[in-house]
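Trainee: My questions all concern the structure below.
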């Protein structure tokens with residue numbers, strides 16, 4: 001997929017002024033490609049991450065005039081863009097992260113204080129990533145289930161104790 005940064009009017013002016021392309025645009029394009037190539041090589045040699053900003057900063061160091069190149073110059077030049085994309089450190093995500101039970105088990109039990117400022121808590125939750133909110137919700141649901149189970153067992157034990165005590169105090173006929 002070719003990305004051209006030239007507008008229609010500049011293309012028309014290029015057709016009327018081939019000397020402008022030959023003497024101005026082509027040398028600038030070649031300079032951009034050369035500086036991107038040198039910057040990428042320097043970054044890889046130094047074992048640093050290759051990003052647009054890293055290339056821009058490194059190109060300023062490598063350029064004799066210390067002007068360097070801009071990120072838009074890299075993205076607007078097809079050859080320079082291909083060099084950058086071939087060597088960049090960043091890679092697109094491969095898909096959604098899968099949920100694992102171990103992740104939930106490793107998460108500490110959330111602490112909730114009575115009388116907390118709900119407005120502040122709400123604002124804090126709005127700042128959290130969805131994944132963290134989902135994990136927190138799952139952990140709270142698991143805690144609720146465990147608490148409810150404990151409560152039911154305690155009430156069952158208490159009820160049975162009360163029935164047992166009641167059975168002993170009531171005389172049986174027979």
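The values are calculated or read from the model by the stated rules, or taken from the named source; none is laboratory data. Remember, predicted model here, so these are calculated numbers, not experimental data. Methodologically, a virtual Cβ is constructed for each residue, glycine included, from the backbone with ideal geometry; neighbour enumeration extends over all protein chains shown.
Trainee: Answer with yes or no whether residue 121 is more than 22 Å from residue 49 (Cβ to Cβ) and more than 26 Å from the chain's Cα centre (by Cα). Talk me through it step by step, then tell me what you get.
Mentor: Details: more than 22 Å from residue 49 (Cβ to Cβ): yes; more than 26 Å from the chain's Cα centre (by Cα): no.
Here the answer is no, as residue 121 does not meet what is asked.
Trainee: So, one more: List pairs: first residue in the range 138-151 and in the same structural domain as residue 106 (by TED's automatic domain parsing), second residue part of a helix (DSSP H, G or I) and modelled with pLDDT under 95 anywhere in the structure, Cβ distance under 8 angstrom, at least six positions apart or on different chains.
Mentor: Qualifying pairs under 8 Å: 138/104; 139/104; 142/104.
Trainee: Quick check: anything in the range 77-96 assigned to a helix (DSSP H, G or I), loosely packed, with under 12 Cβ neighbours inside 10 Å and over 23 Å from the mean Cα position of the chain (by Cα)?
Mentor: no
Trainee: Oh, and also: Looking at (1) in contact with a helix residue (DSSP H, G or I) (Cβ under 7 Å, 6 or more places away or on another chain); (2) under 30 Å from residue 58 (Cα atoms); (3) outside the structural domain of residue 50 (by TED's automatic domain parsing), which one does residue 79 not meet, given that it meets all the others?
Mentor: Every condition holds for residue 79 apart from (3).
Trainee: Taking the range 59-73 as the search range and keeping residues that are within 15 Å of residue 41 (Cβ to Cβ) and assigned to a helix (DSSP H, G or I), which one is nearest to the chain's Cα centre (by Cα)?
Mentor: Ranking the candidates gives 59 first.
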